[in-house]
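J.: One structure coming up, written as structure tokens, with questions to follow.
What follows draws every value from the coordinates through simple rules; no lab data is involved. The shown structure was predicted, so the numbers you read here are calculated from the model rather than taken from an experiment. Note that we place each Cβ from the backbone using ideal geometry, even for glycine, and neighbour counts take in every protein chain shown.
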Amino acid sequence: MTYEAEGWGVGEIWVDGEQLVHHELPRPRRSEGSDSHSLARRLQRYFRGERIDFVDVELDLSWATPFQRAIAEALRDIPYGESVTYGELAALAGHPNAQRAAGTFCARNRFAVVVPCHRVVPSVGGIGKYGGQEWRKQFLLQLEGAVATQDPA
């Protein structure tokens, strides 16, 4: 189903009952569906700038390895408006020195805002990539009031 996020466009969520299976960030286009699902309404509120927490959203992680589950759980523990480095994320998940694997998980994250990989930044500065669209990551960090690591001078 779809949801409309003002200023962003229309996003999509796939749910099985109350379990989130996949989430797509909004893209510029007209709404074609319904915003009737409670998660769709929460995402709309989040994109309006409300401090929304998604830790109670049940995820379909049947495909995930134990490492991937640990990364997903660690990501969900990063508070709204804060950021960590990929190395810190790996350590929080119980896998120190697995920052590259943590980054790979973030790059393939199918739950976007619900598993907030936008809150993870490189230790060398900058904000890093976000599905190839840095502007989306920058927008999400600014929306939450997070201070991203600055580029080294």
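J.: Assign unit charges at the C-beta atoms only (+1 for Lys and Arg, -1 for Asp and Glu), then state the dipole size of the range 2-58 relative to its Cα centre in Debye, rounded to the nearest 20.
T.: Taking the Cα centre of the range 2-58 as origin, the dipole is about 320 debye.
J.: Kindly work out what percent of the DSSP beta bridges joining two residues of the chain are antiparallel, to the nearest 5.
T.: If we restrict to bridges inside the chain, about 70 percent are antiparallel.
J.: Report the residue, chosen from 85, 104, 65, that carries the largest GNM mean-square fluctuation when the chain is represented by alpha-carbon nodes joined by springs under 10 Å.
T.: Judging by the Gaussian network model, the answer is 65.
J.: Quick check: residue separation of residue 80 and residue 36 times 0.36 nm, minus the Cα distance between them. What number comes out in nm?
T.: Fully extending the segment from residue 80 to residue 36 adds 13.4 nm.
J.: Now, a different point. With a sphere of radius 13 Å drawn around the Cβ of residue 105, what net charge do the other residues whose Cβ falls strictly inside it have (Lys, Arg +1; Asp, Glu -1)?
T.: The answer is +4.
J.: Something else: Which residue, 131, 64, 96, has the largest displacement toward the positive end of the dipole of the chain when charges sit on each Cβ (Lys, Arg +1; Asp, Glu -1)?
T.: 131
J.: Treating only the Cβ atoms of Lys and Arg (+1) and Asp and Glu (-1) as charged, compute the dipole magnitude of the chain about its Cα centre; round to the nearest 20 debye.
T.: Once rounded to the nearest 20, the dipole reads 400 debye.
J.: With an 8 Å Cα cut-off and a minimum separation of 6 or more residues, compute the relative contact order for the chain in percent.
T.: 19
J.: Given charges of +1 on the Cβ of Lys and Arg and -1 on the Cβ of Asp and Glu, with all other atoms neutral, how large is the dipole of the range 65-151 about its Cα centre, in debye to the nearest 20?
T.: Computed charge dipole of the range 65-151: roughly 360 debye.
J.: Have a look at 103, 11, 126 and tell me which one the Gaussian network model of the chain (Cα, springs below 10 Å) gives the largest fluctuation.
T.: 126
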